[in-house]
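The values are calculated or read from the model by the stated rules, or taken from the named source; none is laboratory data. Owing to the predicted nature of the structure, the values given are computational and were not obtained by experimental measurement. Ligands, DNA and RNA are excluded from the accessible area calculation, which covers all protein heavy atoms including side chains. Shrake-Rupley method; radii C 1.70, N 1.55, O 1.52, S 1.80 Å.
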Amino acid sequence: MDHTPGPPVPDDGQEHEETVLETVRTRLVMRTCEWCGKQMAPRKKGKGRTRRYCSPAHRQRAYEVRTATERLERDQEAGLARRDEEPVREVIERTLVRTRVVPAGPWERPGMRPGGQLYPGPAPEPERQEDGEVRPRELQRLLVRTAAAIAQGRLSVREVERIMRGVEAVRSAGDRFYDRLAEGGGPGGHG
């Protein structure tokens, strides 16, 4: 019979209780990521902190949320940020645009089809002022007629592009005209 000796007993003549030492060891077996909840294996043997996130990207996201929350609370306390219970206010501007439609000139009416569509054909020569310029009312009538031709698909893409370049030039000149008026200059001259 093999007998292993136990702990030494003090030799003072008294009876002593046997002392039992117990050591509990813990080992991390599994942990979940604090961002996404994915299971992670613990680090291999070695020193270092326990992993809290499964990837550097999740560690960065958690940091951003944590620091953003701290900044938001700090800004709310300082009155620099809206509190969660405060409503979001909006200012809405509505603009009413009225377009005056001028009736077609007498030179357009005989060529009208039933339903308001124009017969294709050359437009009559517009009336001109004494200096040879087209009168504004006649120019407006030509533009209305041109708009009808575009809407009816009677013009090619190239013709519509050419017309739009002219309209853009007129729009730019009109903007400059109104800018001069706003600056106090006269309608025809420079400020």
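Considering every residue within the range 6-21, establish whether at least one is at pLDDT 80 or above and either of a type in the set (Phe, Trp, Tyr) or open to solvent by less than 90 Å² (accessible area, probe 1.4 Å) (or both).
no
Please go through the range 74-102 and pick out each residue that is farther than 30 Å from Leu143 by Cα and among the hydrophobic types (A, V, I, L, M, F, W, C).
Scanning the range 74-102 gives Ala78, Leu80, Ala81, Val88, Val91, Ile92.
Quick one: count up the residues across the range 46-68 that are open to solvent by less than 70 Å² (accessible area, probe 1.4 Å) and assigned to a helix (DSSP H, G or I).
Count: 5.
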